[in-house]
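Colleague: Could you have a look at this structure, given as structure tokens, before my questions?
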Amino acid sequence: MTSEVQFEAVLPAVAHRDEPSEYVPSLLRRITLTLIFALVCFREHAATGEPSSLLYDRAWAGFRWVDLLLLGVFYVHALWILKTRQQLPHLPRSLRRSMLLILGAVGVAFFYGLYQGGEHLYFDWRNVLLGAGLAVVFSCWIQTSAALEDALHVFAWVMSARILYLLGNFIAGRGVEGTVPGLMTPVYDGPTIDAAVFLALLAFRFTQQEVGRLRKMLWLIAGIAAFLLVLLSLRRSFWGEMAIGTAVIATLQKNRKYLMALVLLSGLVFSYGGSRFYLRAESLNPLAERSSYAITNEDHVSDLLDAFDVVKENPVLGIGLGHPYKTRRIADWKAESWEVHNGLLHVWVFYGLLGLIAYLSFHASLFRWLKKFQATEAEPRLRAFCQVGLAYLFGQFCISCGFAPWFYGQLQSDILIFFILGSLLSLQRRTWRRLP
């Protein structure tokens, strides 16, 4: 009992303490989830002076170190599932048809790319496959509302530590140069900022959910820190993602005070930051006058035009997987491209028209399912998490339809996406009713 009390002192915000007989599984859950969530902090792609993590270096037979690590995690959990005969997450009927379409589109793109001599056939969807495996892992550990709350606190501690470290470095003058030349920001890595968006949405929603004053304060501190990191990063797509997610939660809750508080906080930070925030926000207009704050606008527009040229030449099958396409307007930026800074065009280019239909169908079905789930769920914390999941995923989807890459391309983001999906699919099955 003494060891349990000591461990709870490390995570004081956990609301539901497991029974003594469940202490060892609870400890293993926290250790496992800490290791998985910690992967969000390791950068996958190098840029602007921030090197990629060694975890993403090639290790053996084309596998990265992170691939081997996660395959080991999957193997252990597969043995656990076989031994305990645990059920896998159940897909609602509303998602099955679109999932079959997705599998069909990936299959067609794979074999079409293979037919054309593609050499990197797994490059575009490898991280999605790892994320799907993680959804099963999350479902093994998160089978009750108390386990979900425990997992949320583990994520909050891990991500808060990362955010406070980055903000501390920035205050000490050790930031990185972001998208605006000459201006330092705490971080440039998109998935890290994306995780901060998720934490901010979680924190502001659960600040209202918690009853205890200490827990409210801890969530509030985490939310403000995450919000500041997103704002100070000067990454416009994540500003938009935060705004859309906030609006979704406020709409679902019908809570104007929540929305007004965030607007007030934004106003205070903008006023402190002077013209740099205003000029960066003004550059959201893709046709804005060229300046250091809108320096990437022309390239992003040209990127979409190049991709659309590819679509016009290959409207049905796309170009398939395994090889890039040649660029014309952005040749100085990249002579060939593996990724379009627009989720819809990216899917159309590499997966064809069937892939685009499947992509739109899946997300329409997913958002309807999440909306119905949160509306019918009686357990307050599960409903709150479902609302945050809907807000976060909807924000990602909307922003990716503009000038941002599709959000399944990096493992750091896939961990959070499939944490939401794996947890909710598992908990839906255990609420004794299945949504259609």
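Please treat every number below as a calculation from the coordinates, not as lab data. Bear in mind that the values here come from a model prediction, so they are computed numbers and not experimental data. Reconstructed Cβ throughout: ideal geometry from the backbone, glycine too, with neighbour counts over all protein chains shown.
Colleague: Give me the net charge for the shell around Tyr188: Cβ to Cβ below 11 angstrom, other residues only, Lys and Arg +1, Asp and Glu -1. Please list the in-between numbers first.
Modeller: Working: positive: Arg43, Arg235; negative: Glu50, Glu177, Asp189.
Combined, the nearby Lys, Arg, Asp and Glu give -1.
Colleague: Okay, next question. Taking 7 Å along the Cα-to-C-beta vector as the label spot, tell me the Leu129-Lys371 distance in nanometres, rounded to one decimal.
Modeller: Once both label points are built, they end up 3.4 nm from each other.
Colleague: Which ordering of Thr144, Thr251 is given by a fewest-first count of other beta-carbon atoms within 10 Å? Each step should come with its number before you reach the end.
Modeller: Details: Thr144 16, Thr251 12.
Fewest-to-most Cβ neighbours within 10 Å comes out as Thr251, Thr144.
Colleague: Also: Taking amide H atoms as placed 1.01 Å from N in the peptide plane, list the residues 5 or more away in sequence, or in a different chain, whose amide H sits under 5 Å from that of Ala59.
Modeller: HN-HN under 5 Å from Ala59: Arg64, Trp65.
Colleague: What is the packing order of peptides 305-317, 124-136, taking the mean over residues of other C-beta atoms within 10 Å and listing the highest first?
Modeller: On the way: 305-317: 15.4, 124-136: 19.7.
Averaged packing, sorted descending, gives the order 124-136, 305-317.
Colleague: A further question follows. Which far-off residues, 5 or more places away or on another chain, put their amide H under 5 Å from the one on Trp338, with H placed in the peptide plane?
Modeller: Those qualifying (amide H under 5 Å, at least 5 residues apart or on another chain) number zero.
Colleague: Related question: Skipping prolines and chain starts, which residues have an amide H placed within reach, meaning under 5 Å, of the one on Gly402, given they are 5 or more residues away or on another chain?
Modeller: For Gly402, whose amide H was placed from the backbone, the distant partners under 5 Å are Gly343.
Colleague: Below 20 Å, Cα to Cα, which lysines can Lys312 reach? Residues fewer than 8 away in the same chain don't count.
Modeller: Those lysines meeting the cut-off are Lys326.
Colleague: From the phi of every residue in region 54-71, what ³J(HN,Hα) in whole Hz does the Karplus formula 6.51 cos²θ - 1.76 cosθ + 1.60 yield, where θ is phi - 60° and glycine or proline is x?
Modeller: Calculated HN-Hα couplings, in order: 4, 4, 9, 6, 5, 10, 7, 6, x, 7, 8, 4, 5, 5, 5, 4, 6, 4 Hz.
Colleague: Excluding same-chain residues fewer than 8 positions from Lys254, which lysines have a Cα within less than 18 Å of its Cα?
Modeller: Lys371, Lys372
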